[in-house]
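The values are calculated or read from the model by the stated rules, or taken from the named source; none is laboratory data. Remember, predicted model here, so these are calculated numbers, not experimental data. Here Cβ is always computed from backbone atoms with ideal geometry, including for glycine, and neighbour counts include all displayed protein chains.
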Amino acid sequence: MATIELNAKELELFQEINNDPNLLEYALISIRKIKKKKLPPPCQYTVEELRERLEKARKEVEDGVAIFTTQEEMESKYSL
């Protein structure tokens with residue numbers, strides 16, 4: 001959705017809510033409930049999938065084709 005369309009929808013929503021105080025309260029309650037919901041993590045691997053990924057990574061390291069960054073390199077690049 002384009003920015004101009006979002007702005008138009010936002011204005012429409014504000015106008016609609018401002019006409020009804022009960023609707024405003026309901027909207028706030030609903031938004032707060034949505035914000036509190038815990039979303040599942042984006043990636044959920046089974047134990048077997050994790051083992052397969054680990055084995056593949058180990059083989060890549062042994063074969064010398066692994067591309068990785070050490071902890072020290074990460075710390076120097078992204079210092080806190």
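Checking the conditions here, which among 37, 33, 59 is modelled with pLDDT under 85 and charged (D, E, K, R)?
37
Failed condition for residue 68, given (1) under 25 Å from the mean Cα position of the chain (by Cα); (2) surrounded by 10 or more Cβ atoms within 10 Å (Cβ to Cβ), with all others met?
(2)
Does at least one position in the stretch 42-56 carry a residue that is in a helix (DSSP H, G or I), of a type outside the set (A, V, I, L, M), under 24 Å from the mean Cα position of the chain (by Cα) and exposed (fewer than 10 other Cβ atoms within 10 Å of the Cβ)?
No, the stretch 42-56 contains no residue that is in a helix (DSSP H, G or I), of a type outside the set (A, V, I, L, M), under 24 Å from the mean Cα position of the chain (by Cα) and exposed (fewer than 10 other Cβ atoms within 10 Å of the Cβ).
Run down 24, 13, 50, 6 and say which single residue is among the aliphatic types (A, V, I, L, M), at negative phi and modelled with pLDDT of 90 or more.
It is 50.
For residue 77, which of the numbered conditions (1) at pLDDT 90 or above; (2) surrounded by fewer than 11 Cβ atoms within 10 Å (Cβ to Cβ) fails to hold?
Answer for residue 77: the failing condition is (1).
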